[in-house]
């Protein structure tokens with residue numbers, strides 16, 4: 001595991017479009033059909049990363065709360081499942097059911113979507129407004145495995161609250177940190 005920080009994609013960046021298979025339903029789903037007219041959260045997560053495991057229970061609850069308010073949550077796993085079989089789609093489905101995910105958990109086998117978003121770590125969060133312009137990228141909260149700070153999702157929730165209330169989202173945003181995305185080894 002290599003500790004990696006978000007790249008902090010420039011605010012205002014339009015959301016790159018994608019169509020990926022959902023490990024839960026088995027259907028191909030696209031951003032255009034999943035997006036919300038209020039707010040869309042795209043998050044790069046996986047199963048095996050201790051940073052994701054640390055927040056995933058609270059993340060599932062936050063998703064339930066904010067989905068009810070009109071925020072669309074979309075999870076994407078871009079890890080190399082050959083090297084990390086615990087992140088394979090069938091395992092993604094198991095984790096989603098066990099944790100009660102109310103959002104699609106998409107598999108980015110080619111890793112092209114992660115590259116389009118300049119995603120670097122798991123978890124990595126990207127919040128877009130109704131026009132699919134980036135308004136927040138950064139951490140869930142200050143909690144990390146072993147630091148004894150409770151997991152609340154306060155940073156991400158504050159950004160979603162501001163967006164839903166038509167207030168400017170604070171420009172003071174801390175990068176997320178976690179395991180690096182497990183990129184496939186090039187065949188060059």
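The values are calculated or read from the model by the stated rules, or taken from the named source; none is laboratory data. Being a predicted model, the structure only gives us computed values, none of them experimental. Using ideal geometry, Cβ is built from the backbone for each residue, glycine included, and neighbour counts are taken over all protein chains shown.
Quick notes on this structure:
- Which listed residue, of 91, 174, is without any contact (Cβ under 8 Å) to a residue 60 or more places away in the chain, in contact with a strand residue (DSSP E or B) (Cβ under 7 Å, 6 or more places away or on another chain) and either surrounded by fewer than 19 Cβ atoms within 10 Å (Cβ to Cβ) or in a loop (DSSP other than H, G, I, E, B) (or both): 174
- Residue among 11, 29 that alone is under 25 Å from residue 110 (Cα atoms) and either at pLDDT 95 or above or not in a strand (DSSP E or B) (or both): 29
- Among (1) within 17 Å of residue 52 (Cβ to Cβ); (2) touching a residue at least 40 places away in the same chain (Cβ under 8 Å); (3) under 14 Å from the mean Cα position of the chain (by Cα), the one test that residue 152 misses: (3)
- Scanning the stretch 119-140 for residues that are crowded, with 21+ Cβ neighbours inside 10 Å, over 13 Å from the mean Cα position of the chain (by Cα) and in a loop (DSSP other than H, G, I, E, B) yields a count of 0.
- Residue check for residue 42: surrounded by 14 or more Cβ atoms within 10 Å (Cβ to Cβ), modelled with pLDDT of 95 or more and either assigned to a strand (DSSP E or B) or touching a helix residue (DSSP H, G or I) at 6+ places or on another chain (Cβ under 7 Å) (or both): yes
- The residue list 50, 10, 16 contains one member that is in contact (Cβ under 8 Å) with a residue 12 or more places away in the chain, closer than 22 Å to residue 139 by Cα and touching a helix residue (DSSP H, G or I) at 6+ places or on another chain (Cβ under 8 Å), which is 16.
- Checked against the criterion of being surrounded by fewer than 21 Cβ atoms within 10 Å (Cβ to Cβ), out of contact with any strand residue (DSSP E or B) (no Cβ under 8 Å at 6 or more places or on another chain) and either at pLDDT below 95 or within 30 Å of residue 186 (Cβ to Cβ) (or both), the candidates 158, 116, 165 yield just one match: 116.
- Counting the residues of the stretch 95-124 that are under 21 Å from residue 37 (Cβ atoms) and touching a helix residue (DSSP H, G or I) at 6+ places or on another chain (Cβ under 6 Å) gives 2.
- Some residue of the stretch 50-64 being crowded, with 17+ Cβ neighbours inside 10 Å, in contact with a strand residue (DSSP E or B) (Cβ under 6 Å, 6 or more places away or on another chain) and part of a loop (DSSP other than H, G, I, E, B): no
- Residue 159 vs. criteria touching a residue at least 24 places away in the same chain (Cβ under 8 Å), in a helix (DSSP H, G or I) and under 13 Å from the mean Cα position of the chain (by Cα): no
- Which listed residue, of 146, 70, is at pLDDT 95 or above and on the phi > 0 side of the Ramachandran plot: 70
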